[in-house]
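Report on one structure; see the data block that follows.
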Amino acid sequence: MTPLVYVLEDQVQELLAHTRADEWIEGPAYAFDDWTVFHAYTEKPPFAPAGSLCRCLYTRADAAGLVDEEHLPHSLDITREPDGQPVLVLVVSRTPDGLPACQALLVTASGTTAAAAQFVPRRSELYSRNAGLLEVSALGHKRVVIVGLGSGGSPVALELARAGVGHFTLIDFDRLELGNISRHVCGVNDLGRYKTLAVRDQVLQKNPYADVTTMELNVNQALSQVEDAIGASDLLIVASDNDQSRFNLNQMSLNTNRVALYGRAITRAAGGEVLRVRPWQGPCYNCVFSAGVGQGREEEMSQKRQALSVLPAYVEEEKVNAMIQVGLSSDIMPIANMMVKLALVELSRGMETGISSVDEDLVSDFYIWANRREEAYANWPAMGYKWTHPSILRWYGARVGRDPNCMVCRTPLAAHLET
Amino acid sequence: MAWTSQQSARLRLEMEILSRYFPSFVLKDSIIPGRAVVEGAMRSNAGHEYVVRLRVPADLPNSVPIVEIVSPVLRDRFGHPLVDLGTSYPMHLLKPENDVVRICHYSASHWSPNITFSKVLLKVRAWIEAYEGHLDSGFSVDHYLPHMEA
């Protein structure tokens, strides 16, 4: 197989614009699959790279588009490479049409072999296959804040990156533990890392041009910092695992007038729900979960820290451990997927896109999903062939309105004083 | 950091409600979020007076306020200081932070911003009656006050 080299087109364009013809630039490259596949960069990538580090040199071809291959091993002092590892040489130039071109060479002490160079396309082309369904260029300018980068928030971040959303603020103070791996987009090579930073790397793998800011903090202890981030965004996505943070974020979404999406699973992920809060127009989080249809639907407890934060301190450890009942990743994904759909509808609002009709369908602000006939859905009939009965594995939009007695979004609050 | 306008309005509302139902309670150190307390006296049916302090959370009204009995020094039926129990399921107590008894009233899983200080103090008032019941009978507080389901 001819060795294959991937290089970012934008970096090559940059290099062509700012280097002289006789200049050598060194950048990192990473080798995979027994030194047959290479990912080359002109500078260290912003995400944690994989593969074996490999020396990589860039130069511009001369005016005739030529490079002296015969003398490359000598001129690059190739004998100093450990274990005879090759040096990757990328000779960049422009075609007569002005397009960037790249010739790849693998240089060892014994000689030079040609490799096939392929460009990772420019920002504008990366999401060309989404065009028509989504307003890709507009989504590239949209900013989302995602709070909670666990099994629910991490796939949402990744899907929005795949759709071409360009700016992310990821907020979580938790680190990736062994118990998270089976339901998380990140794997064992990210163990111990902040979830924010590990997910940032995943996002950048999908969209190397994304602008990702991370905040490793507890939203309940950094209220003004988080509210500032939300105020600078277009959409708030909440996938945190406790009501205190959701109540705080609800207030921030109202204060900043930003639409917020809340997703959560119920016990053992037997099902879940997604709430959209359109500030001052629809119900807020408190309207639904303090007194409304969401009240009493017990949240899934996926880790001890989460259980301890909501239980009184005198609850026995045995009971705390018994409350930790998690569902499968495949039970969480439908909830994350619904959040993504709603997010894309909200981020595309005002634009004529292929998903505009979805907005006509998603008229409800509160959606319920059942994975299995247990917990809150124990009395539901079996799915069978009927379309007219509630069933597992279908979304149901619930008609919910603002709670006239809500102590959070009823305005003016002082009206309470009159009663 | 200062109170937001919503929090200031909520504090005014809380104090307005308290002025009707618990008129002895006043707001102290209200300028700095996280340091404000609401403090006042409650009298039991038997006529004993208890000074109760409610710590206003910095993220009012989104988290459970800490409630403490500041005075008198509470003792169990056998004369042992209640504060020495630390966290106590039968007595509805949480780990004390200031050498005074801290009451467990709402758990985080039952908390919502719709719950006012007045409702919290109502539960404290019930706890005081249960505590005096304990002094009379020896039964623990949870004999009189069942726990909320976790």
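The values are calculated or read from the model by the stated rules, or taken from the named source; none is laboratory data. Note that the coordinates shown come from a computational prediction; the quantities given were computed from them, not determined experimentally. We place every Cβ from the backbone using ideal geometry, glycine too, and count neighbours over all the protein chains shown.
Six or more apart or on different chains, Cβ under 7 Å: which pairs go from a residue in the stretch A:80-102 that's at pLDDT below 85 to one that's surrounded by 10 or more Cβ atoms within 10 Å (Cβ to Cβ) and not in a strand (DSSP E or B)? Could you list them?
Taking only residues 6 or more apart or on different chains, the pairs are A:Gly84/A:Ala109.
Take the residues of the stretch A:31-55 that are in a strand (DSSP E or B) and of a type in the set (A, V, I, L, M, F, W, C): which is farthest from the chain's Cα centre (by Cα)?
So the residue we want is A:Cys54.
Within the stretch A:342-358, track down each residue that is more than 22 Å from A:Ala157 (Cβ to Cβ) and assigned to a helix (DSSP H, G or I).
If the condition is that a residue be more than 22 Å from A:Ala157 (Cβ to Cβ) and assigned to a helix (DSSP H, G or I), then A:Ser356, A:Ser357 are the ones that fit.
Can you pull out the residues in the stretch A:1-30 that are under 17 Å from A:Gln205 (Cβ atoms) and in a strand (DSSP E or B)?
A:Tyr6, A:Val7, A:Leu8, A:Pro28, A:Ala29, A:Tyr30
Considering every residue within the stretch B:22-38, establish whether at least one is modelled with pLDDT of 95 or more, at the interface with chain A (Cβ under 10 Å from one of its Cβ atoms), in contact with a helix residue (DSSP H, G or I) (Cβ under 7 Å, 6 or more places away or on another chain) and closer than 26 Å to A:Asn255 by Cα.
Scanning the stretch B:22-38 turns up no residue that is modelled with pLDDT of 95 or more, at the interface with chain A (Cβ under 10 Å from one of its Cβ atoms), in contact with a helix residue (DSSP H, G or I) (Cβ under 7 Å, 6 or more places away or on another chain) and closer than 26 Å to A:Asn255 by Cα.
Out of the stretch B:59-87, which residues are more than 17 Å from B:Tyr131 (Cα to Cα) and part of a strand (DSSP E or B)?
Of everything in the stretch B:59-87, just one residue is more than 17 Å from B:Tyr131 (Cα to Cα) and part of a strand (DSSP E or B), namely B:Ile66.
How many of the residues making up the stretch B:5-52 are more than 18 Å from the chain's Cα centre (by Cα), within 21 Å of B:Leu74 (Cα to Cα) and among the hydrophobic types (A, V, I, L, M, F, W, C)?
Residues meeting the conditions: 1.
Looking at the structure I just gave you, is B:Val38 in contact with a Phe, Trp or Tyr (Cβ under 8 Å, 6 or more places away or on another chain), on the phi < 0 side of the Ramachandran plot, surrounded by 15 or more Cβ atoms within 10 Å (Cβ to Cβ) and part of a strand (DSSP E or B)?
Yes, satisfied.
Name the single residue, out of those in the stretch B:41-58 being assigned to a loop (DSSP other than H, G, I, E, B) and touching a residue at least 12 places away in the same chain (Cβ under 8 Å), that is farthest from B:Met1 (Cα to Cα).
Once the filter is applied, the top-ranked residue is B:Ala46.
Determine whether the stretch A:385-401 contains at least one residue that is within 24 Å of the chain's Cα centre (by Cα), modelled with pLDDT of 95 or more, within 19 Å of A:Gly282 (Cβ to Cβ) and crowded, with 16+ Cβ neighbours inside 10 Å.
Scanning the stretch A:385-401 turns up at least one residue that is within 24 Å of the chain's Cα centre (by Cα), modelled with pLDDT of 95 or more, within 19 Å of A:Gly282 (Cβ to Cβ) and crowded, with 16+ Cβ neighbours inside 10 Å.
Are there strands (runs of 3 or more DSSP E) fully within the stretch A:166-265 with at least 3 residues that are within 14 Å of chain B (Cβ to nearest Cβ) and crowded, with 24+ Cβ neighbours inside 10 Å? List them.
Ranges flagged: none.
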